[in-house]
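Colleague: Below is the structure I would like to discuss, written out as structure tokens.
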Amino acid sequence: MSISYNPKTTALLVIDMQVYFHNSSTKIIKNVQSLVKRCHEKDIPIFWTQHGHRNIEFDGGALTRWWETGIKWGSKDWEILPELKPYVSRSPAAINILDFIITSKTRYDAFYKTELNSLLTSLGIETLIISGVLTNLCCETTARSGFNQDYNIIFLDDATAAEDEEMHKASILNLGYGFAKISTVKEVIDWL
Amino acid sequence: MSISYNPKTTALLEYFRNSANKIIKNVQSLVKRCHEKDIPVFWTQHGHRNVEFDGGALARWWGKEECFKWGSRDWEILPELQPYVLRSPTAIDILDFVIKSKTRYDAFYKTELNTLLTSLGIETLIISGVSTNVCCETTARSGFNQDYNIIFLDDATATDNDEMHKASILNLAYGFAKISTVKEIIEWL
């Protein structure tokens, strides 16, 4: 099974691997570490997202109505998981350093009202590799949104996680049908 | 659940005849009820005027030949539903709108849908039509991003197989939408 996209115009999204989601994230941490390491070796841009609300009254919207809570921007829960922090090579402004952190995310969709699409366009990115949590919420919504905007989507079965196996499988089924090449960390590492 | 209006978004085209058949009667009942209660109804007609230009990832995924052409036979709203559509080309007081600018799964993407909903003061959307896991679900998720309350109809959406339909319902119920039935909504409206 081969991936027919061009690795040179590919970026990795590592979605919401934050302390707040610690429980769901543990099973995929090692895979994400391997993936990030490989992307750095191959100069593949990495976009880490940190979901957080600076002012929930204003930026919570339907999300905080639904969950009746939200991650506070700057809080301990908002931090990237300690196992992954050493892997983040920060890029505040300089476009030649290949890791970016999107801290403007306030909905499931990592594109919605963030700078993600602008940055991807400026780098000439055509294909996105999606990893992180939660499979069926932020990862899937971002994948669908990316597809609307004409990115090729590679969705990682073993580098995304949901609260339970049933929901994870449900996402994989639907994304595989209409949106994304479903792949594994091993396959992508070989391909890059 | 507090509401002002409840528009519904439908994408039932001839192209989707196979999936659509099982829900046609339910959609008819629902539309009839919405008209009785002055609930705005938004019909979407997905179509490509120039697939080289507006096909995007959709045309790449399914193939250009599969992207049905704006104005073609496949593009037509199902004959069983055409009599139920009260067209509104511009007048904002007639409550049916037909969105023909849809070129992706997301009915909001590059269409006038959000603008019209906002102008009507809509807070809640009822989602019906096809296909459950592609256009309906993507539109529901997109609507949720934009802070609409979402009601998603289990028995007025349909897709290629039951497994995918159930998978969508499972995920939408978890993070996005009140899952409901035509009967429940008709009573509530």
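Colleague: What figure in square angstrom, to the nearest 10, would you give for the accessible area of residue A:158 with a 1.4 Å probe?
Modeller: Around 50 Å² of this residue is reachable by solvent.
Colleague: Indicate the gyration tensor shape class of chain A (rounded, prolate or oblate), computed on the Cα atoms with a ≥ b ≥ c the square roots of the eigenvalues: a/c under 1.5 is rounded; otherwise a/b larger than b/c is prolate and the rest oblate. Intermediate values should be presented prior to the final figure.
Modeller: Working: a/c = 1.41, a/b = 1.23, b/c = 1.15.
Note, shape of chain A comes out rounded.
Colleague: Also, I was wondering about something else. At 1.4 Å probe radius, can you tell me the per residue accessible area of chain A in Å²?
Modeller: Values: 8110 Å² over 192 residues.
That works out to 42 Å² per residue.
Colleague: Using 7 Å Cα-to-Cβ label points, what is the residue A:27/residue A:68 separation (nm, one decimal)?
Modeller: With each label placed 7 Å out from Cα toward Cβ, I get 2.7 nm.
Colleague: How many Å² of accessible surface get buried when B and A come together, counting both sides, probe radius 1.4 Å, rounded to the nearest 100? Working shown, then result.
Modeller: Working: alone 9610 and 9660 Å², together 16130 Å².
Using a 1.4 Å probe, the pair buries roughly 3100 Å².
Colleague: Just want to confirm a number: the relative contact order over the stretch A:7-191, from Cα pairs under 8 angstrom separated by 6+ residues, in percent.
Modeller: Working: 336 pairs, mean separation 48.6, N = 185.
The normalised contact order for the stretch A:7-191 reaches 26 percent.
Colleague: For the stretch A:162-192 and the stretch B:20-74, what is the separation of their Cα centres, given in Å?
Modeller: What the calculation gives is 27 Å, centre to centre.
Colleague: So for chain B, averaging the separation of alpha carbon pairs under 8 Å that are six or more residues apart and normalising by length, what relative contact order in percent results?
Modeller: Values: 334 pairs, mean separation 50.6, N = 189.
Here the relative contact order equals 27 percent.
Colleague: If you take the square roots of the eigenvalues of the alpha-carbon gyration tensor of the protein assembly as shown and sort them as a ≥ b ≥ c, do you get rounded (a/c under 1.5), prolate (a/b over b/c) or oblate?
Modeller: Values: a/c = 1.97, a/b = 1.58, b/c = 1.24.
Taking the square roots of the gyration eigenvalues as a ≥ b ≥ c, the protein assembly as shown is prolate.
Colleague: Roughly to the nearest percent, how much of the accessible area of the protein assembly as shown is carbon and sulfur, given a 1.4 Å probe?
Modeller: On the way: 8380 of 16130 Å².
It is 52 percent, rounded to a whole number.
Colleague: Going by accessible area, probe 1.4 Å, with all protein chains left in place, what is the ranking of A:30, B:64, largest first?
Modeller: Final ranking, largest accessible area leading: A:30, B:64.
Colleague: On a 18 Å Cα-Cα criterion, which of the cross-link pairs A:27/A:186; A:72/A:105; A:8/A:37; A:30/A:169; A:85/A:113 come out too long? Intermediate values should be presented prior to the final figure.
Modeller: Values: A:27/A:186 16 Å; A:72/A:105 12 Å; A:8/A:37 16 Å; A:30/A:169 20 Å; A:85/A:113 25 Å.
Where the Cα-Cα span goes over 18 Å, the pairs concerned are A:30/A:169; A:85/A:113.
Colleague: To continue, here is another question. If a/c stays under 1.5 just call it rounded; otherwise compare a/b with b/c (prolate if a/b is bigger, oblate if not). Do that for the stretch B:12-188, with a ≥ b ≥ c from the square roots of the Cα gyration tensor eigenvalues.
Modeller: Numbers: a/c = 1.33, a/b = 1.16, b/c = 1.15.
Rounded shape, in that the Cα axes give a/c under 1.5.
Colleague: To make sure I understand the rule: partners must be lysines, Cα under 27 Å from the Cα of residue B:183, and not fewer than 8 residues away in the same chain. Which ones qualify?
Modeller: Straight-line reach from residue B:183, under 27 Å: B:8, B:22, B:25, B:32, B:37, B:166.
Colleague: For residue B:170, what accessible area in Å² do you get when you roll a 1.4 Å probe over the heavy atoms of the protein chains, rounding to the nearest 10?
Modeller: It works out to around 50 Å².
Colleague: Ok, one more. Mind listing the phi-derived Karplus ³J(HN,Hα) values for the stretch B:45-52, rounded to whole Hz, using 6.51, -1.76 and 1.60 with θ = phi - 60°, and x for any glycine or proline?
Modeller: Per-residue couplings from phi come out as 10, 6, x, 10, 7, 8, 4, 4 Hz.
Colleague: Around residue A:73, which amide H atoms from residues at least 5 apart in sequence, or from another chain, sit under 5 Å from its own amide H, with H modelled in the peptide plane?
Modeller: The list, which skips near neighbours in sequence, is A:53, A:54.
Colleague: At a 1.4 Å probe radius, which order do B:73, B:17 fall into by accessible area, largest first? If you can, show how the numbers build up before the last one.
Modeller: On the way: B:73 175, B:17 55 Å².
Descending order: B:73, B:17.
The values are calculated or read from the model by the stated rules, or taken from the named source; none is laboratory data. Keep in mind the model is a prediction, meaning the values are calculated, not measured. Here Cβ is always computed from backbone atoms with ideal geometry, including for glycine, and neighbour counts include all displayed protein chains. Each accessible area value is taken on the protein alone, full model and side chains, heavy atoms only, with ligands, DNA and RNA left out. Shrake-Rupley method; radii C 1.70, N 1.55, O 1.52, S 1.80 Å.
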